[in-house]
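Trainee: Got a structure here, written out as structure tokens. Questions coming.
The values are calculated or read from the model by the stated rules, or taken from the named source; none is laboratory data. For clarity, every value in this text was computed on a predicted model and none was experimentally measured. All Cβ positions, glycine included, derive from the backbone under ideal geometry; neighbour counts span all protein chains shown. What goes into the accessible areas is simple: the full protein's heavy atoms, side chains included, and nothing from ligands, DNA or RNA. Shrake-Rupley method; radii C 1.70, N 1.55, O 1.52, S 1.80 Å.
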Amino acid sequence: MASTPLHSSGLPPPHRIAIVGAGLAGLSLTLLLSRVRSQQQPLHITILELRPRHAQDGGFLALAPNALHILDQLGLYQKLLPQGFAYEDIAFYSARNLSRIGRVKNGDVKRYGYPALRIGRGIVRGELLRAVEELATQDREEITVEMRFETKVVSVSEKEKNVILGLASGEELTFDAVIGADGIHSRVRNLVNGDVKPTFSGMLGIGGGRLDRRDIRPQDLSLPAMFMGKSNAFMMMPTSADGNEVTFFATMEVEERDREGWAKLGEDKQELKRIMVDRHCGRASEWPAVVVEACRSGKADSLSIWPHYNAPILESWTSSSNRIILMGDAAHAMPPTGGQGAAMAFEDAASLAMVFERSDTAEAFDKGVDEWQTTRQDRARKIKEFTTKSGDMRRTSPSVFQQIVKEWIMWLYFKVKGSDGGLAWVYEHKEKCPGDVKVKV
Ligand SMILES: Cc1cc2nc3c(=O)[nH]c(=O)nc-3n(C[C@H](O)[C@H](O)[C@H](O)COP(=O)(O)OP(=O)(O)OC[C@H]3O[C@@H](n4cnc5c(N)ncnc54)[C@H](O)[C@@H]3O)c2cc1C
């Protein structure tokens, strides 16, 4: 007997679709939906974005092979590659004596088809945005795309056959379905699941610095490198294709602030520099000279912050009619310590677009969405577990003895797990995309 979908509207697959949020999830979903060929009616996509067109995303992403595979399917990998730093291994050093604890692969061209790519978040979003804008200008039978910036969604409600979005301007818009891709502080999520508050993990990332590789000593230091200190972890990573521009970031335990407090701290570049110098350059510094020098010479104006917030992996990513669907950080924001937030957004987008590709009836769509949710939740939970563990390794060790024990545990872990660090299941995952193309890597 065929299984009955958990959620159902009994309506044909949606065609007038609003995507709330022009972040990595919303933009990649739009591009992936443009490759769907099985729908009987054209898709009309409206993207609603809070920020202005030219708003810049700060900070850097490490895109793992599972993310690069999807960007490759979208024809963007080759464009992004020369704008970032491609690498395979991260070396882990003890901050006490610069001894090598181990190394782990973040990418592997031979094994996974891709390296890992360190690249500005703004560059990735910029390329996705340009591709969507190009799509919006094309005269295509199967899809139309409209983008509205500086458009804040403040309410969402379901009528028998429609979903109504209320905008801050007072305007109301009607769609067949709404995709909430509006990030960790998602409005759509709260309107569907009640008041879900992201919780502060206790960890703050401060990063930037823009150093010149040629000034870094020792010259033979293997980069990217993570220095495991007693009070926090400190990472140095090239960010330009030639490897000459190097940025750093430290993940440290701090007290929570409110939104204004974080915004104020983020803008106060001299204060960020002071925190980095105080933490890493004191007289009895626990840090090696390379870290001390990086903090002293790092350019203050390039520093930015990233307070790490978690949102629970929700029980349900859809409304009871399957007409409001959450994805990306809105559905499962996770600690950044595994470098998988963007990858999960892309995987959600590819697999959700496949639901459209495979469903031409009401039943097929409802069943497809249910299965999509179950499969994605399962993977998101596993990824969250590993990123949480990876974050815990960066927390303060109460004593030097405990720091040494932690280093030995890590050393043993790398020895037992081998060069892939037991993470092959994360990186070798190749989410199927509509109109999958064989790409030669
Ligand atoms: C500094 C930093 C470094 C990171 N490093 C990594 C990394 O190394 N690797 C990795 O994989 N991930 C990393 N991440 C995480 C990654 O960027 C996110 O997981 C990813 O961007 C999630 O995509 P998203 O589209 O779901 O959300 P977002 O990218 O946050 O996009 C949400 C969009 O929705 C818009 N929006 C919000 N509310 C509304 C509303 N009410 N109405 C209309 N629009 C709205 C927002 O303006 C935004 O444009 C990093 C994040 C930060 C901040």
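Trainee: Any chance you could run the full-extension gain for ARG257 through ASN97? It's 0.36 nm times the residue separation minus the Cα-Cα distance, nm to one decimal.
Mentor: So the extension gain works out to 54.2 nm.
Trainee: Counting only protein chains, not ligands or nucleic acids, how are VAL416, VAL104, VAL405 ordered by accessible area (probe 1.4 Å), most first?
Mentor: On the way: VAL416 115, VAL104 15, VAL405 60 Å².
Ranking VAL416, VAL104, VAL405 by accessible area, largest first, yields VAL416, VAL405, VAL104.
Trainee: Taking amide H atoms as placed 1.01 Å from N in the peptide plane, list the residues 5 or more away in sequence, or in a different chain, whose amide H sits under 5 Å from that of ILE101.
Mentor: Counting only residues 5 or more places away or on other chains, the set is PHE92, TYR93, SER94.
Trainee: Listed here are the pairs LYS79/LYS417; LYS161/LYS384; LYS105/LYS430; which of them are more than 27 Å apart at the Cα?
Mentor: Flagged as over cut-off: LYS79/LYS417; LYS161/LYS384.
Trainee: Something else: With a 1.4 Å probe and every protein chain left in place, tell me how much accessible area CYS281 has, in Å² to the nearest 10.
Mentor: Using a 1.4 Å probe on the heavy atoms, I get roughly 20 Å².
Trainee: Here's another thing I want to ask about it. Place a +1 charge on the Cβ of each Lys and Arg in segment 284-339 and a -1 charge on the Cβ of each Asp and Glu, then give the dipole magnitude about the Cα centre in debye, rounded to the nearest 20.
Mentor: Working: 3 positive and 5 negative charges, 30 e Å.
That gives a dipole near 140 debye.
Trainee: Take the Cα radius of gyration of segment 215-279 and divide it by 2.2 N^0.38 Å, with N its residue count; two decimals is plenty.
Mentor: It is 1.33.
Trainee: Enumerate the helices in the chain for which the Kyte-Doolittle hydropathy averages -0.5 or more and the C-alpha atoms extend at least 20 Å along the helix's axis, using complete DSSP H runs. Don't jump to the answer; show the numbers that get you there.
Mentor: On the way: long enough: 121-137 (24 Å, 0.14); 341-358 (26 Å, 0.67); 362-392 (44 Å, -1.49); 400-417 (25 Å, 0.42).
For the chain, where a helix must reach 20 Å along its axis and average at least -0.5, the hits are 121-137, 341-358, 400-417.
Trainee: With all pairs of different alpha carbon atoms counted, what Kirkwood hydrodynamic radius in Å does segment 141-256 show?
Mentor: 18.8 Å
Trainee: Relative contact order, percent, of the chain when contacts are C-alpha pairs under 8 Å separated by at least 6 residues?
Mentor: Reported as a whole number, the value is 25 percent.
Trainee: For a quick check, take a GNM of the chain with Cα springs below 10 Å and name the residue from HIS429, HIS280, HIS332 with the largest mean-square fluctuation.
Mentor: HIS429
Trainee: Kirkwood hydrodynamic radius, computed over distinct alpha-carbon pairs, for segment 200-310: how many Å, to one decimal?
Mentor: Roughly 14.3 Å, rounded to one decimal.
Trainee: Quick one: order TYR413, TYR77 from most to least accessible surface, probe 1.4 Å. If you can, show how the numbers build up before the last one.
Mentor: On the way: TYR413 100, TYR77 10 Å².
Accessible-area ranking of TYR413, TYR77, largest first: TYR413, TYR77.
Trainee: Compare ILE409, ILE19 by solvent-accessible area with a 1.4 Å probe and give them largest first, with all protein chains kept in place.
Mentor: So, going from the largest accessible area down, we get ILE409, ILE19.
Trainee: Moving on. Roughly speaking, what is the stretch gain from ARG37 to ILE404, that is 0.36 nm per residue apart minus the C-alpha to C-alpha distance, in nm to one decimal?
Mentor: 126.4 nm
Trainee: Report ³J(HN,Hα) in whole Hz for each residue of segment 169-186, in order, from the Karplus equation J = 6.51 cos²θ - 1.76 cosθ + 1.60 where θ = phi - 60°; Gly and Pro get x.
Mentor: My calculation for segment 169-186 gives 6, x, 5, 10, 10, 10, 9, 6, 8, 10, 9, x, 10, 9, x, 4, 9, 3 Hz in order.
Trainee: Heavy atoms of the protein only, probe of 1.4 Å, neighbouring chains included. What is the accessible area of PHE60 in Å², nearest 10?
Mentor: 70 Å²
Trainee: For labels at GLN138 and GLU160 in the simple 7 Å Cα→Cβ model, what's the distance in nm?
Mentor: For the pair GLN138/GLU160, the computed spacing is 3.8 nm.
Trainee: Another question about this same structure. If you place +1 on the Cβ of every Lys and Arg, -1 on the Cβ of every Asp and Glu, and leave all else neutral, what size is the dipole of the chain about its Cα centre, to the nearest 20 Debye?
Mentor: For this selection, approximately 1460 debye.
Trainee: Given the options PRO42, PRO52, PRO335, state which has the largest fluctuation in a GNM of the chain using a 10 Å cut-off (strictly under) for Cα springs.
Mentor: Result: PRO52 has the largest fluctuation of those listed.
Trainee: Run the helix sum for the chain: -39,500 (n - 2.57) per DSSP H stretch of 4+ residues, divided by residue count, reported at 222 nm to the nearest 500 deg cm²/dmol.
Mentor: The per-residue figure over the chain is -11000 deg cm²/dmol.
Trainee: Further question: What number results when the radius of gyration of segment 71-168, computed over Cα atoms, is divided by 2.2 N^0.38 Å?
Mentor: Compactness ratio reported: 1.70.
Trainee: Oh, and also: Amide H to amide H, which residues 5 or more places from SER302 or on other chains are under 5 Å from it, using H placed in the peptide plane?
Mentor: GLY209
Trainee: Evaluated at 20 °C with a viscosity of 1.002 mPa s, what Stokes-Einstein diffusion coefficient in µm²/s does the chain have when Rh comes from the Kirkwood expression over alpha-carbon pairs?
Mentor: The diffusion coefficient I find is 94 µm²/s.
Trainee: Here's a follow-up. In the chain, carbon and sulfur make up what percent of the accessible area (probe 1.4 Å)?
Mentor: Using a 1.4 Å probe with all protein chains present, the chain comes out at 52 percent carbon and sulfur.
Trainee: What ratio of Cα Rg to 2.2 N^0.38 Å holds for segment 33-90?
Mentor: Its radius of gyration relative to the 2.2 N^0.38 Å reference: 1.54.
Trainee: Please report, in whole Å³, the volume per residue of the convex hull around the C-alpha atoms of segment 248-372.
Mentor: Taking the convex hull of the Cα positions in segment 248-372, it is 151 Å³ per residue.
Trainee: For the chain, what is the accessible area per residue in Å², given a 1.4 Å probe and the full set of protein chains?
Mentor: Details: 19460 Å² over 441 residues.
Normalised by residue count, the accessible surface of the chain is 44 Å².
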